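Each remark here refers to the structure printed beneath this line.
Since every read-out is calculated from the coordinates, none of them should be taken as a lab result. Bear in mind that the values here come from a model prediction, so they are computed numbers and not experimental data. We place every Cβ from the backbone using ideal geometry, glycine too, and count neighbours over all the protein chains shown.
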Amino acid sequence: MNQEFRFRGIEPGRLENFSDAVFALAITLLLISTTPPTTFIQIKKFAFDLIPFIMCITLIVLVWHGHFIFYYRYGLRDNKVVVLNTIFLVIMLFYVYPLKFLTKLSLFLIAIPFDIDWLKTDLRAMMVGGNMADLMIIYGLGAASVFFILVLMYRYALTKREELDLNELELFDTKTSIKTNFLLGAIPLFSVLIVLVFYNHKFAGAYAGFAYFLYGPIMAWHGKKVDEQRKKLLDKHEESEDDAAEE
């Protein structure tokens with residue numbers, strides 16, 4: 001939310017309202033997929049479910065924020081944006097269940113050393129008919145698709161630079177958003193590639209999971225680099241304004 005950006009979509013339209021309703025539905029699906037507790041054991045399970053629920057909502061809100069910034073910046077609502085937005089929302093709804101399943105499964109695996117019987121039972125039930133490798137492929141493709149659609153939306157905004165009258169700083173921020181979302185999507189795709197390479201290995205899913213730890217160093221490096229470049233651009237912009245004022 002760089003304040004130097006001239007926001008062109010401050011007043012939300014029906015497209016944004018519809019999108020927000022779909023995001024709300026995604027969060028609702030996370031909640032209603034949990035069976036109401038009727039026994040004390042189920043109460044403990046429900047309390048344990050709170051952790052993956054919070055983690056999933058956090059990730060969904062982060063995706064929503066990137067989607068919100070796009071409309072807040074550009075206010076584009078033409079046919080191509082409608083098509084891209086529809087694909088984005090469809091993928092987002094598909095992404096909800098693999099996201100919760102993987103988050104919950106990861107916590108179960110972490111909790112195994114605590115030797116909790118009902119956790120082991122639930123873990124075995126969750127893995128019936130599949131394996132971690134298949135799950136990581138499904139999740140990775142869903143996560144990558146969400147961010148790559150955002151890449152396409154921001155690239156489309158870039159093609160509208162003249163119509164939107166984007167200045168040098170706004171062009172920089174738009175290109176930065178493209179790079180950021182590309183990196184966010186590239187890591188899940190890299191995870192999928194790892195699974196495919198080691199598919200027949202019993203630890204293929206674990207290897208793929210470690211790929212997501214790349215988010216920390218890569219996004220930190222990207223953020224630092226972008227901040228430095230943006231600061232130089234701002235300084236240049238301020239110097240130009242001072243020179244213009246003196247003239």
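Quick notes on this structure:
- Pairs from Lys104/Lys179; Lys100/Lys175; Lys160/Lys224; Lys80/Lys179; Lys179/Lys225 whose Cα-Cα separation, in the structure shown, is over 23 Å: Lys104/Lys179; Lys100/Lys175; Lys160/Lys224
- Semi-axis lengths, largest first, of the ellipsoid equivalent to region 130-247 are 40, 16, 6 Å, with √(5λ) applied to each eigenvalue of the Cα gyration tensor.
- Net charge, Asn181 excluded, C-beta distance under 14 Å - Lys, Arg +1, Asp, Glu -1: +3
- Net lengthening on full extension, Leu193/Lys224 (0.36 nm per residue, minus Cα-Cα): 8.4 nm
- Relative contact order (percent, whole number), region 141-207, Cα cutoff 8 Å, 6+ residue spacing: 43
- Sparse packing (at most 16 other Cβ atoms within 10 Å of the Cβ) combined with a DSSP loop state is found for the following chymotrypsin sites (Phe, Trp or Tyr not before Pro) in region 161-233: Phe198, Tyr199, Phe203.
- Distance between the C-alpha centres of region 1-23 and region 185-243: 25 Å, rounded to the whole angstrom.
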